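Taken together, the values in this text are just the output of simple stated rules run on the coordinates, not laboratory data. Remember, it's a predicted structure, so these values are computed and weren't measured experimentally. All Cβ positions, even for glycine, are placed from backbone atoms using ideal geometry, and neighbour counts span all protein chains on display.
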């Protein structure tokens, strides 16, 4: 009898933890891709999340190799896909860039992270 209760309690705890993990907005994929090297400057940096982030409490920031913020600070939520946040950037010169993001989902759970991409010089 105790074994059955313990198994039931363990299973209930597992389901609770799985539900809480799903209540976070994690980076699903990005454009430019995480760790990628692109041959032309992107016009926007886009991040798709696993859960819809709240625009008012989320952000995407793009920094050059010197730590200077280069994005236009114009975060938008895609009107056709609430999992997609984006920010525009000016024409980026060749170099390394770091994307820093913070996402808060409707349940108030906060996630954050960084990734890099680089812009390569045009071929000769």
| said: Quick check: pseudo-label points 7 Å beyond the Cα along Cα→Cβ at residue 120 and residue 33, how many nm apart are they? | reply: 1.3
| field | For 107, 115, 97, order by how many other beta-carbon atoms lie within 10 Å, fewest first | value | 107, 115, 97
| said: Relative contact order for region 40-124: what percent, with Cα pairs under 8 Å and sequence separation of 6 or more? | reply: 34
| request: May I ask you to sort 61, 72 by Cβ crowding, counting other Cβ atoms within 10 Å and putting the fewest first? | output: 72, 61
| query | What does a probe at residue 43 reach in region 62-96, counting residues whose amide N is under 11 Å from the point 7 Å along Cα→Cβ? | reply | 89
